[in-house]
Every structure is written in structure tokens, then in C-alpha cells.
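The values are calculated or read from the model by the stated rules, or taken from the named source; none is laboratory data. Since the model is a prediction, treat every value here as computed from it, not as a measurement. Methodologically, a virtual Cβ is constructed for each residue, glycine included, from the backbone with ideal geometry; neighbour enumeration extends over all protein chains shown. Heavy atoms of the whole protein, side chains included, go into the accessibility calculation; ligands, DNA and RNA do not. Shrake-Rupley method; radii C 1.70, N 1.55, O 1.52, S 1.80 Å.
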Amino acid sequence: LALLCLPRPAALRRPSGRRRCAMPSSGGASHGEGGLGDEPLLLEEVVGQSVRQLHSEERGVREANRHPCRWVPAMACIAALALLVSIAFSSFRDAGKDVARQANTAGLSELSKGLLLRAASTSSTGTNLTDSVKAKEPEAKEQEAKKPAVSCPGFGTSCTKLKYPMPFGPGEWPQDYTYTGEFPKGFVWGMGTAAYQIEGAYREDGRGASIWDTFTGADTVGMPGADCKYCCKEAPCDINPGMGDKGATGNVACDHYHMYKTDIALMKSMGLKHYRFSISWPRLIPTGKLKDGVNLKAKAFYNNLIDGLLEAGITPYVTLYHWDLPQGLLDPPGLQGWWSRDNTTGKPDGQILPDWLDYVKVCFGAFGDRVKTWVTFNEAWTFLWLGSGWGSAPSIPEFSNMTIDPFIAGHNVLLAHAYAVDLYRREFQSKQGGHIGITNNQDWREPKTTDVQDLAATERVVLFQLGWMSDPIFGESGDYPAEMRALYGSRLPEFTAEQKALLKGSADFFGLNHYGTGWAAYDPNDTGVAMTYAKITEEGFCKGQSSWLYGSGWGFRKLLNWVARRYNNPPLYVTESGWSMAAHGTEDAVSDHQRVMYYANYTEELWKAIHEDKLNIRGYFAWSLMDNFEWSGGYGYRFGTTYTDYDFGFDENAPANNDSQPTSGSQWRRRKDSSCWLEKVWTSNSLVSPLPSSFAGCVGSSVFDGTFKDKKDGCPRTIKVVTSTTAKIMGSDPKAKSASEDCSKSGDSGSCECDGKTDKEWELGVVRLSGGSIIIDLSDRGGASNFAGFWNDQKESIEWADGNSWQKVDGNAKK
């Protein structure tokens with residue numbers, strides 16, 4: 001009654017606070033959802049604050065529930081209290097008489113000393129209540145034993161042994177970062193792309209159709225491998241319902257097939273030393289079957305790309321399969337690709353394995369003398385799980401049973417990986433000196449509370465995705481996680497003893513793609529398709545442009561620790577990590593402050609994972625080198641650290657919205673602030689503060705104003721910046737000393753050098769500038785209309801698309 005009289009606490013409400021998601025721009029404009037202030041906005045701060053606020057609110061709600069009356073009239077309270085005191089006094093008096101009577105009878109002396117507590121514990125028969133309790137202990141223990149033990153789906157009662165994932169306990173998440181510290185010597189910093197997302201040229205030079213061409217609705221009529229039963233028979237072709245950006249295709253994409261030299265110059269200008277890309281299986285072997293022949297033009301393209309990278313001082317890292325399965329290998333019910341199974345037993349039969357091994361053997365043989373790092377598969381979970389009807393290719397009715405099809409395909413993919421690694425190790429590794437692994441993906445899931453059911457839900461989410469494809473390779477048994485087998489039963493295929501032996505240890509490193517973090521809470525009423533019994537939420541985390549992307553540097557570190565704990569701290573490369581942001585024009589795109597903060601926070605947690613947690617992390621690849629085709633999201637989502645101007649226009653081979661698709665021949669690139677910030681990280685091999693006092697962004701176009709020396713022939717070049725977007729170039733070329741010489745093609749002849757006397761002078765008046773990019777229209781001279789160069793801030797030079805460079809000798813070299 002007394003509690004009823006206490007006033008109810010004031011209504012609880014969450015304090016208003018800034019979402020520290022980005023850093024302020026010089027103009028004060030905001031990007032993303034976070035409000036911007038006068039200091040760097042950290043992705044992490046809001047998380048710790050909001051979670052503590054949520055916990056505080058929960059406690060407040062519980063308190064409020066204990067105080068259902070906000071106000072009781074004072075007189076009523078006094079009367080109620082008086083009645084309570086009267087009743088209590090009478091009861092106490094009567095009890096005292098009973099106690100005294102019992103004490104006189106038993107001759108106890110405790111009452112004379114006032115030890116009422118002891119006396120009151122004596123029963124009316126003179127039996128001590130403590131003895132009574134002891135007598136009932138076995139009964140109580142028996143009742144306790146009858147209570148059901150805590151049992152978690154997949155774990156049983158063993159889930160009680162689960163511990164809260166470290167290195168941060170609940171509510172201990174970091175608030176601030178110092179951005180100081182050096183990485184180990186030889187740490188690998190790189191960037192990545194994928195063939196279908198950037199190459200384009202989808203019908204050129206004999207390339208075959210891929211399942212992504214069919215999925216997007218590109219016109220594949222007449223292409224090698226495009227004669228399947230569900231393939232397009234007449235354009236315009238149907239778009240798969242799972243495709244979000246209707247009309248977007250990889251037909252042109254970033255036009256990398258034609259602009260790979262430009263992209264090498266771009267990488268060289270930023271001081272990049274490691275580049276991860278994928279080989280297109282349908283480009284190299286158009287139908288997917290070796291018996292139909294190898295595409296020699298595709299082989300030449302990849303040789304030229306690899307050689308160009310090495311010449312620029314860039315080490316290639318090659319992914320063998322990044323989702324673009326040749327359409328010629330998927331024509332159900334006959335050809336079933338990764339989803340193949342025995343028609344009688346329903347078990348995986350590895351139908352695709354011979355064709356897969358032919359393909360990888362061609363790659364190892366053709367490129368392995370220069371490629372020293374191979375990745376068999378990129379994100380098997382994504383192309384298997386989402387590709388079985390959830391918005392990724394192929395998503396066809398024959399293979400869209402989410403309870404069966406992903407696990408059939410996953411089994412085939414794991415064996416394909418193991419056999420490819422076995423082939424490489426037996427026939428190529430010793431003489432080529434390379435190493436090989438696989439890349440899997442996982443976003444971190446943090447337990448919503450410390451309740452053991454939430455801990456188990458978190459573990460299931462990570463284990464049933466990352467562990468599904470990792471346990472057979474990096475685990476102790478060469479098999480799927482036991483918790484998956486407990487819940488999935490016969491839906492998970494069985495490995496033979498020989499297959500387990502082949503799988504176990506079939507990777508020289510652990511490749512990990514990671515982007516974001518969310519909370520996981522146990523949901524007993526919803527198993528989910530993956531049977532994780534988990535509800536995922538993201539409150540408190542900063543959101544990227546993509547609907548699924550919520551950033552947290554400390555979540556990244558927790559995932560790294562999870563991998564180290566489960567798989568005995570393997571050599572690990574972070575093969576993808578990135579942040580999507582919308583772009584409303586070039587200038588808006590390049591000021592990507594949120595992305596800078598994302599990388600700043602993630603790299604600091606990476607540094608701590610290496611130095612404080614002692615994890616064996618060897619490298620970090622940012623995603624992506626440039627904006628590109630974002631799968632079902634098309635071209636609206638931008639993950640690139642370089643802005644891609646797609647020169648949107650007409651594409652006759654697109655299935656819809658033909659007038660607003662990427663075109664070939666006039667695309668160009670410009671580095672974003674995140675690219676320039678990352679350059680400072682990898683050139684110093686240390687953490688870099690994103691504060692304006694330490695990082696001012698990329699250079700402006702004024703750096704091009706001045707005199708240069710052509711590296712090829714030593715001739716002078718003068719660039720006169722007219723406006724921030726235009727310039728003029730004046731120069732001279734050497735005059736050939738004989739009719740047999742052509743100085744315009746080669747500078748290796750000693751006579752093809754400027755002498756200052758007989759040189760031919762020239763001037764270019766159509767020069768475009770955009771930040772650190774310079775674009776020249778050479779179409780009237782038989783060249784490209786988008787011949788590009790990029791400012792190299794480390795060397796104060798221009799890196800050109802033809803491999804040449806101009807060294808600045810005077811003028812303004814500052815921003």
C-alpha cells in the first residue's frame with residue numbers, strides 16, 4: 001500500500017542525440033541520415049549510447065509497472081497506512097505472546113537477550129524451523145531437478161555454456177577512436193571488382209551468355225550457350241521478377257573491357273599495390289564446356305590485364321567464380337549447374353564438376369605463372385541462398401525450394417572448391433609458388449541481451465551462414481556444423497570419408513567479406529527459412545544507402561574474433577568491405593564523408609584485432625575500386641571509392657528503359673575522398689585520422705596547371721587551367737630523323753626525343769578537368785574521345801591510359 005502512494009516516475013523518453021555517422025563537409029551539407037556537427041561523426045557512438053538508453057528504458061518500464069498508481073489522495077494513504085500499522089502491531093503482539101509461551105516451556109534464554117528472530121523460528125511444537133528447512137532440502141532439490149533445463153534449438157542444453165562474444169561485453173562498445181597505429185610490415189592493402197559488374201562488352205569477341213545476362217533480360221538471342229529451354233527466344237527478353245532495377249544489365253557496365261588501361265592508370269595514380277578481380281567463365285569458355293573451345297580473345301584480354309597490372313607495380317588477386325555461371329551449363333532438367341542432383345535419390349551428384357575443373361585448369365595454366373593468389377568462390381552463401389529464389393540469378397522455379405535447393409548446390413560448390421584446390425596443389429602450386437583459398441561472407445550479429453537464448457540465436461545466425469561454408473574446410477571434422485545437422489536433419493547432404501579428408505584444410509587462407517552489423521534476438525515463434533529462430537534488428541546503427549547495410553566497426557572486430565576462435569586463428573584476408581552512398585551528381589558523389597568514416601572506424605578496429613587480440617590478419621581489400629553494376633540493384637547503388645560517369649544513353653540490347661543505360665566510348669572516372677583517404681592509409685601503412693586537420697580530401701583541378709616532362713620522349717608539356725573544369729595543353733613532339741621512323745608510336749628509338757630545335761609544336765584546346773582527372777578528346781586524331789589521365793599525388797605526375805606519365809617540373813602542385 002505504501003508503494004501505491006509513491007508518485008510514478010516521470011515519463012521516460014530517449015534523449016535526443018546526433019547520429020555520428022559522418023564527418024562535416026566544408027560547406028556544412030549533410031550526407032546520409034546522420035546529422036552533422038562541428039566534429040567528426042563516428043558510426044560507433046550512437047550505438048553505445050542508444051543501447052544503454054534502451055536498457056535504461058527497459059528498467060524504467062519495469063519500475064513503472066511496479067508503480068501503477070501515479071497519485072493516491074493523501075488522506076486515503078494515511079488511513080491505509082494506519083490500518084496496516086494496526087494490523088501489523090496486533091499480529092506482532094500475538095506472535096510475541098506465542099513466542100514467550102514457547103520460550104518459557106522450552107526454557108530458552110534467547111528471548112531474555114531479545115533475539116526474537118531466533119525465537120520466532122521455533123514452531124509451536126518446539127521444533128527449530130532451520131532443521132525443518134534442512135529436512136525439506138532433498139525435496140526442494142528434487143523439485144528443482146524436475147524443472148526443465150534450458151534448451152536452445154540446435155544446441156540442446158549445451159547452449160548454457162555459450163559466452164557473450166568478445167572482445168566487448170554488453171554496453172562496452174567503443175565511443176571514440178584515436179586513429180593512430182602502424183600495421184605489420186607487408187600488410188596487404190587492396191581494392192576489388194568482379195567481371196560481370198565492370199567488364200561490359202557482353203556480346204563482343206565471342207563471349208558466351210551467363211545466367212546474369214538471362215536474369216537481367218539482356219538480349220542473349222544467338223549468343224553461345226543461350227539456347228536453354230527457359231532462355232530468351234526473341235528480344236525484348238523477359239526480366240526475372242527478382243531483378244530490382246528493371247532494364248539495368250551488365251551489357252556495358254563500366255566498359256572495363258575497353259577501358260582496362262584507363263583503370264590501370266587510375267590504380268597506379270592512387271599508389272594501389274594489390275587488386276582483386278574475377279575471370280568471367282563464359283568469356284573464357286563461352287558455353288562453359290571445354291570441348292566447345294577456349295576463347296582466345298578472352299585469354300588475350302586477361303593476359304593483357306595481368307601484364308598491365310604487373311608493369312604498373314600492382315599484384316593481381318584472381319577470383320575464379322564471382323557468380324557469372326555460363327548459361328550453357330544451366331538448362332534444367334538436363335543441365336542443372338550447381339543445383340544438380342540424382343533424379344532417383346535426390347542427392348547432389350556433382351554434374352558440373354568436370355566442366356568446372358576444366359575451366360580452373362585452363363586458368364591455372366594460362367595465368368598462374370603471374371597470378372600468385374587464387375580465390376575459388378566468392379560468397380557461396382549469396383549466389384546459392386539468394387540465387388535459389390531470393391532475388392539473385394538464376395532464381396528459376398526448378399531451383400527455388402529454399403528448404404532443399406541451397407543445400408544441394410552448397411554441397412556441390414564445397415566439393416568443387418576442394419577438387420580445384422587439390423588440382424592446384426598437385427599440378428601447379430609447387431612450380432608456380434602461389435596459394436589458394438575461398439571467400440565467404442558474413443555480417444556480424446550482436447546478442448540483443450545477455451539471455452542464453454539470445455546468445456544461441458546469435459551463434460546460429462553466424463554459424464548457419466558463415467559456418468555452413470567454412471566448417472567443412474576450416475573445422476576439425478570436415479563436415480557441416482553439428483548444430484545445423486541437428487536442426488536440418490536429412491536436408492543436409494552427407495560427405496563421404498574421402499570427401500571430408502579432401503575438404504578439411506583445403507584453403508591456404510580464410511577469405512572474409514564483411515559489411516555491417518545488427519542485433520539478434522531469440523524468436524521462438526518464427527524459425528525463419530534458415531531455422532535460426534532469430535529476429536534481426538538494426539536500431540542504433542548508422543544506415544548506408546543499401547537497405548541491408550548498417551555500419552559498426554566494433555561489429556567487424558567481433559566477427560574477426562569469432563573466426564579466430566572457431567578456426568584456430570587462420571591466416572585471414574578481408575576480401576571485401578565497403579559502404580554504399582547515393583550520388584546526385586559528380587560533386588556530391590566525391591564528397592563521401594560517411595564512407596571515409598566507415599573506413600576510418602573499420603580500419604582502427606582491424607588494427608586492434610591485430611595488435612590487441614593477436615589475430616592473424618594479412619590484408620584488407622576495400623569494395624570497390626569504382627561504382628559498378630550492383631547486381632539486382634542495378635546502377636542506383638554506389639559502393640565505389642571512384643565515381644563512375646556511365647554516360648547514360650541508349651542501349652538497344654537492354655530489355656527496358658533503353659534510353660537510360662550505360663554506354664560505351666565516353667565513360668570517365670573521378671576519385672572520391674574515400675579513395676584519397678585510403679591512399680594515405682596504404683602508403684603509410686598506418687591508421688589515418690579523418691579529421692580535416694589531417695585529411696583535406698582529394699586534390700582540385702588546379703594541380704594540373706604547370707609544365708610537365710613526358711616520360712616517354714622527354715618532350716615538354718604545358719597545361720594551362722582555364723576554369724576548374726577546362727584547360728588547354730601545349731607541347732611538342734620529336735621530329736623523325738628518317739622516313740622509316742614513326743615517333744608517334746614508340747619512344748624507344750634514341751632519335752625520337754625532343755631536341756628543342758626541330759620539334760613539332762601542337763596545342764589541344766578541348767581538355768576536360770574534374771578534380772584529379774583529366775580527359776582529352778582525341779577522336780579527331782583517330783584516338784579515343786575519353787583518353788584519360790589521373791593525378792598521382794605521391795609523385796606529382798599524371799598517369800595516362802596508354803601507360804605513359806608526365807612528371808611535373810614546376811607550377812602549382814598543391815590543392
Residue tally, condition part of a loop (DSSP other than H, G, I, E, B), within 25 Å of the chain's Cα centre (by Cα) and closer than 28 Å to residue 355 by Cβ, over region 264-286 = 2
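It is to be established whether one or more residues within region 440-456 are hydroxyl-bearing (Ser, Thr, Tyr), open to solvent by less than 10 Å² (accessible area, probe 1.4 Å) and touching a strand residue (DSSP E or B) at 6+ places or on another chain (Cβ under 9 Å). Working first, answer last.
To start, the set of residues in region 440-456 that are hydroxyl-bearing (Ser, Thr, Tyr) comprises 449-450.
Okay, now just the ones that are also open to solvent by less than 10 Å² (accessible area, probe 1.4 Å), so none.
No, the conditions are met nowhere in region 440-456.
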Can you work out which of the residues in region 707-724 that are open to solvent by 10 Å² or more (accessible area, probe 1.4 Å) and of a type outside the set (D, E, K, R) is farthest from residue 776 (Cα to Cα)?
-> 714
All-but-one check, residue 680 against (1) surrounded by 15 or more Cβ atoms within 10 Å (Cβ to Cβ); (2) without any contact (Cβ under 8 Å) to a residue 40 or more places away in the chain; (3) touching a strand residue (DSSP E or B) at 6+ places or on another chain (Cβ under 8 Å); (4) of a type in the set (D, E, K, R), failing number (3)
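Conditions tested, residue by residue: (1) modelled with pLDDT of 95 or more; (2) outside any strand (DSSP E or B); (3) in contact with a strand residue (DSSP E or B) (Cβ under 7 Å, 6 or more places away or on another chain); (4) surrounded by 19 or more Cβ atoms within 10 Å (Cβ to Cβ).
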{"site": "259", "(1), (2), (3), (4)": "yes, yes, no, yes"}
{"site": "262", "(1), (2), (3), (4)": "yes, yes, yes, yes"}
{"site": "288", "(1), (2), (3), (4)": "yes, yes, yes, yes"}
{"site": "308", "(1), (2), (3), (4)": "yes, yes, no, yes"}
{"site": "316", "(1), (2), (3), (4)": "yes, no, yes, yes"}
{"site": "319", "(1), (2), (3), (4)": "yes, no, yes, yes"}
{"site": "346", "(1), (2), (3), (4)": "yes, yes, no, no"}
{"site": "356", "(1), (2), (3), (4)": "yes, yes, no, yes"}
Only one of 710, 627, 651 is in contact (Cβ under 8 Å) with a residue 60 or more places away in the chain and under 23 Å from the mean Cα position of the chain (by Cα); which?
-> 627
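Is it the case that region 598-612 has a residue that's on the phi > 0 side of the Ramachandran plot, modelled with pLDDT of 95 or more and open to solvent by 30 Å² or more (accessible area, probe 1.4 Å)? It would help to see each step written out before you state the result.
As a first pass, look at region 598-612 and keep what is on the phi > 0 side of the Ramachandran plot: none.
No, there is no match, as no residue in region 598-612 is on the phi > 0 side of the Ramachandran plot, modelled with pLDDT of 95 or more and open to solvent by 30 Å² or more (accessible area, probe 1.4 Å).
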Would you be able to say whether some residue in region 215-237 is touching a residue at least 12 places away in the same chain (Cβ under 8 Å) and touching a Phe, Trp or Tyr at 6+ places or on another chain (Cβ under 6 Å)?
-> no
Residue count for region 358-393, restricted to those that are under 22 Å from residue 240 (Cβ atoms), open to solvent by less than 50 Å² (accessible area, probe 1.4 Å) and in a helix (DSSP H, G or I) = 8
Is there a residue being at pLDDT below 95, small (Gly, Ala, Ser) and part of a loop (DSSP other than H, G, I, E, B) anywhere in region 626-643?
-> no
Of all residues in region 225-237, which are touching a Pro at 6+ places or on another chain (Cβ under 7 Å) and open to solvent by 50 Å² or more (accessible area, probe 1.4 Å)?
-> 236
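Residue-wise test of (1) surrounded by fewer than 21 Cβ atoms within 10 Å (Cβ to Cβ); (2) of a type in the set (Lys, Arg).
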{"residue": "503", "(1), (2)": "no, no"}
{"residue": "521", "(1), (2)": "yes, no"}
{"residue": "527", "(1), (2)": "yes, no"}
{"residue": "537", "(1), (2)": "yes, no"}
{"residue": "547", "(1), (2)": "yes, no"}
{"residue": "551", "(1), (2)": "no, no"}
{"residue": "558", "(1), (2)": "no, yes"}
{"residue": "571", "(1), (2)": "yes, no"}
{"residue": "579", "(1), (2)": "no, no"}
Residues (in contact with a Phe, Trp or Tyr (Cβ under 8 Å, 6 or more places away or on another chain) and either within 30 Å of residue 161 (Cβ to Cβ) or part of a loop (DSSP other than H, G, I, E, B) (or both)) located in region 415-433 | 428
Starting from residues that are part of a loop (DSSP other than H, G, I, E, B) and open to solvent by 10 Å² or more (accessible area, probe 1.4 Å), keep the ones in region 208-224 and report whichever is nearest to residue 328 (Cα to Cα).
-> 224
Within region 627-654, which residues are surrounded by fewer than 24 Cβ atoms within 10 Å (Cβ to Cβ) and over 25 Å from residue 543 (Cα atoms)?
-> 646, 647, 648, 649, 650, 651, 652, 653
